[in-house]
1. Please state which of the following conditions G705 fails to meet, knowing it meets all the rest: (1) on the phi < 0 side of the Ramachandran plot; (2) open to solvent by less than 10 Å² (accessible area, probe 1.4 Å); (3) within 29 Å of the chain's Cα centre (by Cα).
2. Select, from A573, A641, the only residue that is touching a Pro at 6+ places or on another chain (Cβ under 6 Å) and surrounded by 21 or more Cβ atoms within 10 Å (Cβ to Cβ).
3. Looking at segment 258-280, I want the residues that are closer than 16 Å to L58 by Cα and have a partner that is open to solvent by 20 Å² or more (accessible area, probe 1.4 Å) and hydrophobic (A, V, I, L, M, F, W, C) with Cβ atoms under 8 Å, at least 6 apart or on another chain. Which pairs are those?
4. Which residues, counting only those in segment 285-306, are closer than 18 Å to A274 by Cα and either among the small types (G, A, S) or under 19 Å from the mean Cα position of the chain (by Cα) (or both)?
5. Counting just the residues of segment 472-491 that are in contact (Cβ under 8 Å) with a residue 40 or more places away in the chain and open to solvent by less than 10 Å² (accessible area, probe 1.4 Å), which one comes out nearest to E445 (Cα to Cα)?
6. Quick one: would you say Q678 is modelled with pLDDT of 90 or more, farther than 24 Å from Q559 by Cβ and open to solvent by 20 Å² or more (accessible area, probe 1.4 Å)?
7. Quick check on my filter: what residues within segment 108-132 are at pLDDT 90 or above, part of a loop (DSSP other than H, G, I, E, B) and either touching a strand residue (DSSP E or B) at 6+ places or on another chain (Cβ under 9 Å) or surrounded by 13 or more Cβ atoms within 10 Å (Cβ to Cβ) (or both)?
8. Taking interchain pairs and intrachain pairs at least six residues apart, which have beta carbon atoms under 8 angstrom, with the first residue in segment 675-693 and over 24 Å from R633 (Cα atoms) and free of Cβ contacts under 8 Å to residues at least 60 places away in the same chain and the second open to solvent by 40 Å² or more (accessible area, probe 1.4 Å) and in a helix (DSSP H, G or I)?
Amino acid sequence: MLMEPSSSNFFDVKAFNRQLAKSKSPINCFRDAISNNRALLDERFKSKANIEVIISDLTWFIDQILIAAWKQYDWKDEKDISLLAVGGYGRGELHLYSDIDIQILLARNNQKKYKANIESFLTFLWDINLEIGQSVRTIDENKKQAANDITIATALMESRTVYGNPELHKKLILAVSKKKIWEAKRFFTAKRNEQISRHAKYEDIEYALEPNLKVSPGGLRDIQTIGWISKRYFGASDFQELVDRGFLQKNEYQDLIKSRNFLWSLRYGLHMLAERREDRLLFEHQRKLSEIFSYEDDKNSLGIEKLMKEYYRNVQTLRELNDVLLQLFDEEIIRSKEKVKILTLNARFQIRNNYIEAMHSRVFRQTPFALIEIFVLLAQDEKIAGIRATTIRLIRNGRQLIDDNFRKDIRNTTLFMELLRSPYKMVAHLRQMKRYGVLGAYLPEFGNIIGQMQHDLFHIYSVDDHTLQVVENMRRLHHPEALEKYPLAATIIKTLPKIELLYIAGLYHDIAKGRGGDHSVLGVKDAEDFCVRHHLGKWDTALVGWLVKNHLFMSSIAQRQDIQDPDVVKSFALIVGDQTRLDYLYTLTVADINATNPKLWNAWKASLLRQLYQSTKRALSLGLEKVVGKSSRIKENQNLALALLKEKDMSKKEALAIWDKPTEDYFLRESPEDIAWQTLAISKHKEPESPLILIKNSTEHQSEGATQVFIYTQNSHFLFANIANAFDRLNLNIQNARLFNTASNKALLTFMILETNGTLIKKNSQRMYEIVTLLKEYALPVEKPSKNKQHTPRQLRHFSRATETSFANPEKFPYSILEVLCPDRPGLLAKVANIFVEKNIILHNAKITTLGENVEDVFFITNKNNKPISKKNSEELQALIKERLNASLNGA
């Protein structure tokens, strides 16, 4: 069946054929027609013409081009051959640069008769710049291949004749019908499993930074799956037939078509911008698409974020409808002949063959609290497999019953708290509540963050998905396998007095995102209001509010401040106040980091948080007035290191000579064990002109710590910058750097490093040998900076925020603290270090944090006299850093 154009003026077939007859170059004639009509369609798209009409007209146009190309050849006996459109082209959903899937269908195995023409025809199609997917088969060959491959069977189901004998296509459809191959039950099961497998690749989450419009959960493939199953079972040619059969309600049909058309528009725009087939909503296209769709920046969000929020809400609608229809198909196709077993739960619900259903269609209207109750019942009985489709539909239609009176009703607040305490798949049922519109209606503040995203590489999920993932991570800490990856958090969570308070803090920690201002502060009121409405006590309410306000506090201290310093630990402990708060905060922090971006959690972050937790716990147990001061800690570490060295037959005199009066912070920031390890190695180092490189893992536990690299060499101006370049060249990430000088100008440097995937270097590996070899070259005392060839990854190139700096001279602190925030780029750390050399700045310590596409690096620095930096000099330093880094980010 040929497609029909929306207007006779779109493409004049007769005029084209006349032009073709006169043309000396048929290829150019075809190319010009294709190029001109694509440009015409692009203009209609930009002027916001109906996307259904654009897609239909494009498909019709390609039909005419293929017919004209086909007619250039003498096919002799045309009753034995025809040209088919298959797949997406067959169903009339061709996009600008989609593959044009065709089949040349033969009545019998007589390909030799047509071989020369077929080869010439297909070559011609490529010559005129059509992206063709082709096959040449007989009807019997189609039947045999379709029987073994459901993808081929599906493509043939959607086929139609473009030109040639239509009787061949009728015979083909009969040969591959459900009576011959892939009967309806088997077809449905295969397609459902195919979808489950595809969704699993995306962690069953609709949202992604750069989603695939076609195959991500809630994408076009989900709609197509419904279409394929309905066509196989009912013979339905479109979704309107599902409405006619009562499988799809009119409002659901309208929602489905609206969301499908939105995705069609995005996909067409993607193809237009990329000038090729592209289904990934990449960063480089998101801004241009947001402009085409007229989404503008405002004080609260970017146009890109508005576009992605609209995308997210549409795919969520499609996921919801996909759920309903697949469940309906399951009941109709798979379970219709099952022996019915019914178990009554109460006056409102019963279990029918392991699926929960409402007792009658008026359940939610008569008892609105059942909208919460059904999810509680699911979470309390793991044997319930799911919700029947008719009941899902009743939930969707009943969610408008949720209003302020519903939210205040003690039956509903009690049920929701019961859900948070339930033992089975609690988060999965919260996600169901979200998908069916119940959670966003019951908690309007949560409804406001559905689809809320941030245009960066740090937050890879929307705020709502991240929030539920945080709670999911909390639940996973109870699993036995969590003890391996999160040993401390998995132990602590079992001791928390009220686990539901942790879940509430998880639900509300980011609730105020997108409002402007500090979301940690703004979210406190929402969290406390929830607690009051759900009749929690004053202590519980205060704890939840405190956790929401301080949910970023522990990770910030661990990653940005010197947690070896007793004063830092004491200040943190004063704010935390007691052990219970510390336990809740640590567990929330671990769950939050892992739900923001899986790549953020690494062994080094784990060890920092563990160290801060244990130091704070000790401070709280001793009493804050008994926390050991800095000078006492230095003396204690010196004595412990000397004791360890004495066991290795090294005297105090020998040790002091090797130490060579280093800056005293060496004994504060290095552990006694590491001081002894380094001292012994220096004593055995017999090549004074060559750098000493030591490398080991700071822990035997792969889930915590980092690979520790110690360098002992002659100090020089560009030493730190050159070593940073060496690690950059090795594709290693510096997590922390500590720098100390001796009286004779030797440099003692300790780096904590990880592979780019967040893992430690394997012990005694070739990789360790590579690191030592390169560092021996780069750690030589040279008076010029080294340079690396630098390549910026694709995703990073689309983020160019201006460099920000902050500066502080804390009272009674020996160093100035400089913080640099800017987009990540290769060689960035070396650039900052070179500026320090230029301005006669001494770097003592560096804490390196990469958050998605951004870095937040903290440097502890002094002037050349080891004094904090003056205000005037700090302003000059910050201005120079901003100037140089912004220039390098812009390609200068």
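1. Exception for G705: condition (1).
2. Working: A573 fails: touching a Pro at 6+ places or on another chain (Cβ under 6 Å).
Going through A573, A641 in turn, the sole match is A641.
3. Going by the 8 Å Cβ cut-off, the qualifying pairs are S265/F293; G269/I292; G269/F293.
4. Residues of segment 285-306 closer than 18 Å to A274 by Cα: 285-293, 304.
Within segment 285-306, H285, Q286, R287, S290, I304 meet the criteria.
5. We begin by selecting, within segment 472-491, every residue in contact (Cβ under 8 Å) with a residue 40 or more places away in the chain; these are 472-475, 477, 484-489.
Next cut, open to solvent by less than 10 Å² (accessible area, probe 1.4 Å) only: 474, 477, 489.
Working: M474: 21, L477: 27, A489: 29 Å.
Per the criteria, the residue is M474.
6. Values: modelled with pLDDT of 90 or more: yes; farther than 24 Å from Q559 by Cβ: yes; open to solvent by 20 Å² or more (accessible area, probe 1.4 Å): no.
For Q678, the condition - modelled with pLDDT of 90 or more, farther than 24 Å from Q559 by Cβ and open to solvent by 20 Å² or more (accessible area, probe 1.4 Å) - is not met.
7. Within segment 108-132, I128, L130, E131 meet the criteria.
8. S683/E654
The values are calculated or read from the model by the stated rules, or taken from the named source; none is laboratory data. Just so it is clear, the structure is predicted and the values come from calculations on it, not from any experiment. For neighbour counting, all protein chains shown are included, and Cβ atoms are generated from backbone atoms with ideal geometry for every residue, glycine included. What goes into the accessible areas is simple: the full protein's heavy atoms, side chains included, and nothing from ligands, DNA or RNA. Shrake-Rupley method; radii C 1.70, N 1.55, O 1.52, S 1.80 Å.
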